[in-house]
1. Identify, please: which residue in the range 1-28 is aliphatic (A, V, I, L, M) and part of a helix (DSSP H, G or I) and is, among those, most open to solvent (accessible area, probe 1.4 Å)?
2. Looking at the range 60-88 only, could you name the residues that are open to solvent by less than 40 Å² (accessible area, probe 1.4 Å) and among the small types (Gly, Ala, Ser)?
3. Has the range 89-105 got at least one residue that is open to solvent by 50 Å² or more (accessible area, probe 1.4 Å), more than 17 Å from VAL40 (Cα to Cα), assigned to a helix (DSSP H, G or I) and not basic (Lys, Arg)?
4. Just checking, how many residues over the range 73-82 are touching an Asp or Glu at 6+ places or on another chain (Cβ under 7 Å) and outside any loop (DSSP other than H, G, I, E, B)?
5. Output the number of the condition that GLN42 fails; it satisfies all remaining conditions of (1) over 30 Å from TRP188 (Cβ atoms); (2) at pLDDT below 95; (3) touching an Asp or Glu at 6+ places or on another chain (Cβ under 9 Å).
6. Identify all residues within the range 162-197 that are open to solvent by less than 30 Å² (accessible area, probe 1.4 Å) and either under 18 Å from ASN68 (Cβ atoms) or β-branched (Val, Ile, Thr) (or both); write none if there are none.
7. Whether any residue in the range 29-52 is in contact with a Leu (Cβ under 7 Å, 6 or more places away or on another chain), closer than 30 Å to SER153 by Cα and either surrounded by 14 or more Cβ atoms within 10 Å (Cβ to Cβ) or among the β-branched types (Val, Ile, Thr) (or both) is what I want to check.
8. Look through the range 106-129, keep the residues that are assigned to a helix (DSSP H, G or I) and open to solvent by less than 80 Å² (accessible area, probe 1.4 Å), and return whichever of them is nearest to GLN186 (Cα to Cα).
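The values are calculated or read from the model by the stated rules, or taken from the named source; none is laboratory data. None of these values were measured; they are calculated from a predicted model. Glycine also receives a Cβ, built like all others from the backbone with ideal geometry; neighbour counts cover every protein chain displayed. Just the protein is used for accessible areas: all its heavy atoms, side chains included, with ligands, DNA and RNA removed. Shrake-Rupley method; radii C 1.70, N 1.55, O 1.52, S 1.80 Å.
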Amino acid sequence: LYLAYNAPHVPLEAKDEDLERFKHIEDIDRRTYAAMVYAVDQGIGDLVKSLKTNDAFENTLIVFMSDNGGKLSKGATNFPLREGKGSTCEGGYRVPMFFHWPAKITTGTTFSHPVSAIDFYPTFANLANANLNENKKLDGKNIWTSISSKKDSRKGESIFVLRHRKGYADVGVRQDQWKALKTNQQQWKLFDIDKDLGEKN
C-alpha cells in the first residue's frame with residue numbers, strides 16, 4: 001500500500017474539532033498545521049487498527065516519511081535544521097523517517113545514515129525476494145543489510161541536492177559528514193553535518 005497524504009500542506013485547512021484541540025497555539029497557521037498533523041496521525045491510527053484486526057501488524061513493514069522539510073511561512077518548524085521547504089540547506093529536504101516492523105526490527109533501533117526514497121524500490125524488492133534484472137540501472141540502493149548492521153550504505157559517495165532559482169541554482173553536496181553548500185550566489189561553504197546540524201559554522 002502506498003498512502004500519500006497531502007496534509008500538512010497549503011492550503012492550511014483543518015476540521016473545527018481538530019483546531020479546538022490546539023486552541024492554546026496562538027499563531028493561526030501553526031495551530032492549523034498542528035491540527036492537520038493530528039488528522040494524519042488519526043488516519044494512520046486507523047490503518048494500524050486494520051492491520052491489527054487482520055493479524056497483519058506484527059509482520060507488516062510500515063515506512064513513514066515526508067517528501068521535504070516544512071514550509072516556514074505556513075506554520076512549520078524544522079528546528080534545529082536551517083531553513084525549510086525548497087532550500088538546499090538541511091531543513092529543505094532532511095526529514096524524519098521511521099521503519100516499523102515488529103517481527104524484524106527491534107524497538108528503539110536508530111539508523112543515523114542517509115536514506116533516500118529512491119532506496120525503497122530495491123529494498124522492498126529484496127525483502128519480497130523479487131528478481132530484478134541485473135542490467136537494470138538503479139540509483140537507489142538496497143539498504144536493508146545496512147539498516148540491520150547500522151552501516152552507511154553510501155560511505156564515501158556523494159549525495160546531491162539542486163534547487164533552480166531565477167538565473168542561478170542553489171546546490172548542496174554531501175559526502176559522509178561533510179556538506180558543501182552554495183546558496184544565493186554566495187561563495188561555497190563547507191559544514192561538518194555530524195557536529196553542526198544547523199549549518200552555522
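1. Initially, the range 1-28 is screened for residues aliphatic (A, V, I, L, M), giving 1, 3-4, 7, 10, 12, 14, 19, 25, 28.
Cutting the leftovers down to part of a helix (DSSP H, G or I) gives us 19, 28.
Numbers: LEU19: 41, ILE28: 94 Å².
Once the filter is applied, the top-ranked residue is ILE28.
2. Once the filter is applied, which keeps residues that are open to solvent by less than 40 Å² (accessible area, probe 1.4 Å) and among the small types (Gly, Ala, Ser), the range 60-88 yields GLY69, GLY70, GLY75, ALA76, GLY84, GLY86, SER87.
3. Scanning the range 89-105, I find at least one residue that is open to solvent by 50 Å² or more (accessible area, probe 1.4 Å), more than 17 Å from VAL40 (Cα to Cα), assigned to a helix (DSSP H, G or I) and not basic (Lys, Arg), so the answer is yes.
4. From the range 73-82, those touching an Asp or Glu at 6+ places or on another chain (Cβ under 7 Å) are 74-75, 81-82; that's our starting set.
Pick out the ones that are also outside any loop (DSSP other than H, G, I, E, B) and you get 74.
Result for the range 73-82: 1.
5. Here GLN42 clears every test but (2).
6. In the first step, residues of the range 162-197 are kept if they are open to solvent by less than 30 Å² (accessible area, probe 1.4 Å); the result is 170, 172, 179-181, 183, 191-193, 196.
Selection gives ASP170, GLY172, LYS179, LEU181, THR183, ILE193.
7. No.
8. Initial filter on the range 106-129 (assigned to a helix (DSSP H, G or I)): 117-127.
Filter once more, keeping what is open to solvent by less than 80 Å² (accessible area, probe 1.4 Å): 117, 119-120, 122-123, 125-127.
Working: ALA117: 30, ASP119: 32, PHE120: 35, PRO122: 37, THR123: 38, ALA125: 42, ASN126: 43, LEU127: 44 Å.
Once the filter is applied, the top-ranked residue is ALA117.
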